[in-house]
1. I'd like to check which strands (runs of 3 or more DSSP E) are fully inside the range 145-264 and have at least 3 residues that are within 15 Å of the ligand (Cβ to nearest atom) and more than 15 Å from Ile20 (Cβ to Cβ).
2. For the range 405-518, give me every one of the strands (runs of 3 or more DSSP E) that falls completely inside it and has 2 or more residues that are at pLDDT 90 or above and among the β-branched types (Val, Ile, Thr).
3. Being over 21 Å from the mean Cα position of the chain (by Cα) and more than 16 Å from the ligand (Cβ to nearest atom) narrows it down to one residue among Arg316, Arg325; which is it?
4. Tally time: how many residues in the range 461-499 are of a type in the set (Ser, Thr, Tyr) and within 13 Å of the ligand (Cβ to nearest atom)?
5. Going residue by residue through the range 286-307, is there one that turns out to be within 11 Å of the ligand (Cβ to nearest atom), closer than 24 Å to Ile157 by Cβ and either outside any strand (DSSP E or B) or at pLDDT 90 or above (or both)?
6. Does Thr458 meet the test of being closer than 30 Å to Leu192 by Cα and either within 16 Å of the ligand (Cβ to nearest atom) or loosely packed, with under 13 Cβ neighbours inside 10 Å (or both)?
7. Kindly indicate whether any position in the range 442-449 is surrounded by fewer than 14 Cβ atoms within 10 Å (Cβ to Cβ) and either of a type in the set (Gly, Ala, Ser) or within 16 Å of the ligand (Cβ to nearest atom) (or both).
8. Within the bounds of the range 319-339, is there any residue that is polar (S, T, N, Q) and within 23 Å of Leu212 (Cα to Cα)?
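The values are calculated or read from the model by the stated rules, or taken from the named source; none is laboratory data. Just so it is clear, the structure is predicted and the values come from calculations on it, not from any experiment. No Cβ is skipped: glycine too gets one built from the backbone with ideal geometry, and neighbour counts run over all protein chains shown.
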Amino acid sequence: SLKVQTHNFVNLTEEPIHLISQIQPHGLVFVLSEPELKIVQVSSNTRAILEVSPDQVLNKNLEDVLDSVQIEPLQKGLAEDNFDWVNPSKVWARTKGDEYMVFDAVFHRNPEGYLILELEPAISQENIPFLSFYHLAKTSISQLEKTSTLDEFCQIIVQEVRKMTDFDRVMLYKFEEDGHGVVIAEDKIPELEPYLGLHYPESDIPKQARKLFASNVIRQIPDAGTTPVSLVPRLHPVSDRPIDLTYSILRSPSTCHLEYLHNMGVGASLTISLIQDGELWGLIACHHRTPKFISYELRKACEFLGHVIFAEISAREETADQDYRLKLASIQTRLIDYMGQDDNFIEGLVKHQPNLLDLTNAQGAAICLSGQYITLGNTPNTEELNFLLQWLSKNIEDREIFCTDSLARWYSDAETFKDVGSGLLAIPISKQNYVLWFRPEVIQTVNWGGDPGNAYETIQEADTVKLSPRKSFELWKETVRLKSLPWQGVEVKAALGLRKAIVNIVLRQADELAQLAQ
Ligand code: BLA
């Protein structure tokens with residue numbers, strides 16, 4: 001029935017990807033018990049890589065696989081959980097006969113406290129040696145300092161990452177407030193069609209994946225066409241649960257995402273998280289049409305570059321905000337002065353320059369006090385204002401502010417005055433008394449990478465339901481109506497500041513009236 005499907009569907013979009021218990025086959029994973037470093041879980045591809053079966057490895061100590069000469073130097077770092085000190089360590093393991101294979105050994109402690117070792121093939125591919133990385137970062141940063149706009153800046157980032165890694169396509173993907181995202185910068189080989197400026201729905205990168213990416217900041221899929229391998233035993237012998245692979249570098253991505261990459265024609269990817277104030281701000285997403293492996297060192301270099309560069313983005317965003325915030329603060333101060341000077345304080349908000357409109361960059365404003373309106377600029381008419389106020393007093397309750405760039409979504413009658421009031425910022429002063437700011441409709445075209453209304457399909461297979469990403473990422477133009485330009489955080493704050501000042505004046509006047517009456 002529909003009910004069952006809905007239930008499954010919720011489970012599917014929230015698939016716990018950190019508990020997948022599968023890894024990508026190009027490396028090996030060992031879950032260890034301490035202090036003896038006994039192997040309690042291992043990936044089942046030991047035969048393919050080391051020519052021994054998982055059973056021959058399980059319950060052995062790590063030194064039986066990597067011999068003690070290699071492990072002893074690491075033990076101090078491991079005992080102190082000093083992973084920066086041990087990662088990566090070059091180790092070798094016997095494959096067959098007298099042959100050895102060299103790996104990058106990378107240790108971490110998972111969220112449950114278990115020690116995990118991952119072995120990746122040590123491929124020396126440094127056309128950019130790690131030690132010269134500092135110079136690279138320095139030239140990149142000095143290049144970046146010359147750029148003036150944020151867009152230019154982001155463009156340099158993707159170019160630098162592409163120079164370092166030689167991916168076919170490198171993008172900077174930024175999340176918007178509602179969870180969907182936009183490609184804001186791109187560097188690519190000419191044969192590929194551009195994704196720059198395209199929007200992608202929230203479900204392409206579901207919530208639990210975004211959460212994981214905030215703690216595991218760099219992830220690679222060197223070959224999206226391979227079949228994942230399982231851990232054996234499937235459950236951790238002590239916890240009796242799937243091991244938490246949140247911080248793993250080899251964890252297999254969800255099959256849904258592998259299908260997505262296939263549909264996009266992507267053979268390999270590298271993704272770097274950009275974090276701001278603990279939250280995922282965006283991603284640097286790299287694509288290659290064919291398999292491509294990036295060594296641990298080079299990944300670290302990319303991660304570092306992403307980090308350093310992103311600090312600069314944040315700083316620039318903040319300065320831009322800061323200048324506007326200062327401007328609005330000075331308008332607010334002047335409005336408060338005007339209110340103090342005029343006999344009727346309301347007049348002070350509308351008679352002078354700057355006025356109420358300048359405080360929030362609105363095209364219309366209305367002050368509604370005791371059933372009277374004073375308006376400025378383009379506003380709905382008196383009757384429309386009457387109904388809007390009734391709706392507001394019923395619906396916004398005790399909130400200090402109501403703010404939307406699409407009023408008609410909440411209040412359908414707003415469609416009739418969309419040309420003046422598609423956006424509304426409302427502050428209640430007291431019951432029935434409001435200051436309202438309006439913005440007109442701005443019809444926008446949003447270019448989506450595929451139809452966002454059909455971002456995925458649900459496929460029923462016997463008694464299970466699975467999600468499958470869309471097959472086509474072809475440009476899909478959406479015309480967005482009944483929406484104004486968005487209110488910015490600093491504008492909302494300025495409105496709240498004014499509210500405080502007005503409430504104080506109203507309270508003072510009420511006090512004075514009460515004293516007169518005594
Ligand atoms: C992961 N989806 C991702 C990732 C990206 C995208 C960048 C992170 C990949 C990584 O960290 O290696 C999406 N890639 C994009 C977008 C662009 C791009 C938007 O290049 C734009 C150009 N995805 C779906 C559906 C589901 C889904 C229907 O489309 C299922 C609900 C899931 N995507 C999904 C999951 C992950 C993901 C579960 C996490 C993969 C993992 O690490 O396990």
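1. 169-175, 181-188
2. So the answer is 444-449, 475-480.
3. It is Arg325.
4. Going through the range 461-499 one residue at a time, the tally reaches 2.
5. There is at least one residue in the range 286-307 that is within 11 Å of the ligand (Cβ to nearest atom), closer than 24 Å to Ile157 by Cβ and either outside any strand (DSSP E or B) or at pLDDT 90 or above (or both).
6. yes
7. The answer is no, given that none of the residues of the range 442-449 is surrounded by fewer than 14 Cβ atoms within 10 Å (Cβ to Cβ) and either of a type in the set (Gly, Ala, Ser) or within 16 Å of the ligand (Cβ to nearest atom) (or both).
8. Taking every residue of the range 319-339 in turn, none turns out to be polar (S, T, N, Q) and within 23 Å of Leu212 (Cα to Cα).
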